[in-house]
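Shown next, in structure tokens, is the structure this report addresses.
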Amino acid sequence: MAASEHIVGRGIGNKLILLSVILVAVIWMLPIAWTLLLSFKPNSELMISTASAFHPPYTLKNYTDIFQSSGVFRWLWNSAVVSIGVTAGILILSSLAGYGFARAEFKGRDIIFVLVLLGLAVPEQAVIIARHQIFSDLKMHNTYPAIILPGLSSAFGVFLMTQYFKAIPKDIDEAAMLDNASRFKIFWKVLLPLTVPAQATLGIFSFLGAWNDYLWPLISATKPEMFTITVGMASTQTNFAQSEGLGFLMAQAIFAGLPVFIVYLFFQKYIVRAVAGAAIN
């Protein structure tokens, strides 16, 4: 009897949890649905009232205007270059640093590793002025390297790759050394392929972080042709009601979010594993 009541109670509890998750998901999706709805409305009607979004007429003109006159493609290209550059740099540097901290023996290794982890506690805003001054003195603003280079320092990436390399048995290294493999060959040919799950997880979060970054591209890119998608979208919001319209702005937002959606669609299993803490065995 008690066992049956326990099973029934657990079933009710699971249903309540499921309903709560569905409710939170619906609430989370409402802004996206609202943006999508507005993007199909004529701007002339939205200027009168946004309540018109709930009834016809609807139009695709806002999306066709993107292909005709908007600078969003240039901004998308800039964001793609920056995001791919940052992601590739983080993966390369974090993998090399993680291998060094996990496998190499050198003086002060633990102290240096702690100093790297302290980078997690330093907010970007605390160093933004010094960073701006450095790139200004080097006359590098409004260039891809200026936007990409600051994003390559990833304390989280170093920590993740270090922990993953530590989880790989050292017997594999010893077996490779018996075959006269060099340190670099062991890293490149033997250990690195085993870290693909960690690299995929780190790559996804690095790409999304770089794609959504706003503060540093806003400071470094002052010319419209060097705007990333986040900065470019923000620049259109100051006068959209007088010029292009709210519907066009929403269409830009939906269009700009498609690459992120595609990345999530193809790599969602790695994101779930990362959130669940299963990326490190």
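A few remarks follow.
- Breaking point among (1) modelled with pLDDT of 85 or more; (2) open to solvent by less than 90 Å² (accessible area, probe 1.4 Å); (3) of a type in the set (Val, Ile, Thr), for residue 24: (2)
- Tally, over the stretch 144-172, of residues that are open to solvent by less than 40 Å² (accessible area, probe 1.4 Å), more than 18 Å from the chain's Cα centre (by Cα) and over 21 Å from residue 230 (Cβ atoms): 4
- Count - residues of the stretch 55-78 that are closer than 14 Å to residue 36 by Cα and in a helix (DSSP H, G or I): 3
- Scanning the stretch 97-120 for residues that are more than 18 Å from residue 165 (Cα to Cα) and open to solvent by 80 Å² or more (accessible area, probe 1.4 Å) turns up 107, 111, 115, 118, 120.
- Scanning the stretch 179-208 for residues that are touching a residue at least 24 places away in the same chain (Cβ under 8 Å) and either open to solvent by less than 70 Å² (accessible area, probe 1.4 Å) or at positive phi (or both) yields a count of 15.
- One residue alone among 100, 151, 119, 108 is under 29 Å from residue 77 (Cβ atoms) and not polar (S, T, N, Q), and that residue is 151.
- For the stretch 132-143, a residue qualifies if it is surrounded by 15 or more Cβ atoms within 10 Å (Cβ to Cβ) and part of a helix (DSSP H, G or I), and the qualifying residues are 132, 135.
- Qualifying residues in the stretch 90-131 (those that are under 24 Å from the mean Cα position of the chain (by Cα) and not in a helix (DSSP H, G or I)) - the one farthest from residue 172 (Cα to Cα): 127
- Inter-residue pairs, beta-carbon under 6 Å, first not assigned by TED's automatic domain parsing to the domain that holds residue 136 and in the stretch 211-237, second open to solvent by 80 Å² or more (accessible area, probe 1.4 Å) and of a type in the set (D, E, K, R), 6+ apart: none
- Within the stretch 44-63, residues that are hydroxyl-bearing (Ser, Thr, Tyr) reach partners that are open to solvent by 60 Å² or more (accessible area, probe 1.4 Å) with beta carbons closer than 8 Å, at six or more positions or on different chains, in the pairs 58/40; 59/40.
- Boolean, residue 229 is modelled with pLDDT of 75 or more, under 28 Å from residue 61 (Cα atoms) and surrounded by 18 or more Cβ atoms within 10 Å (Cβ to Cβ): yes
- Only a single item in (1) modelled with pLDDT of 90 or more; (2) open to solvent by 60 Å² or more (accessible area, probe 1.4 Å) is not met by residue 126, and it is number (1).
The values are calculated or read from the model by the stated rules, or taken from the named source; none is laboratory data. Worth saying up front: this structure is predicted, and the values here are computed from it rather than measured. Backbone-built Cβ (ideal geometry, glycine too); neighbour counts: all protein chains shown. Side chains are part of the model used for accessible areas, which takes the heavy atoms of the whole protein and leaves out ligands, DNA and RNA. Shrake-Rupley method; radii C 1.70, N 1.55, O 1.52, S 1.80 Å.
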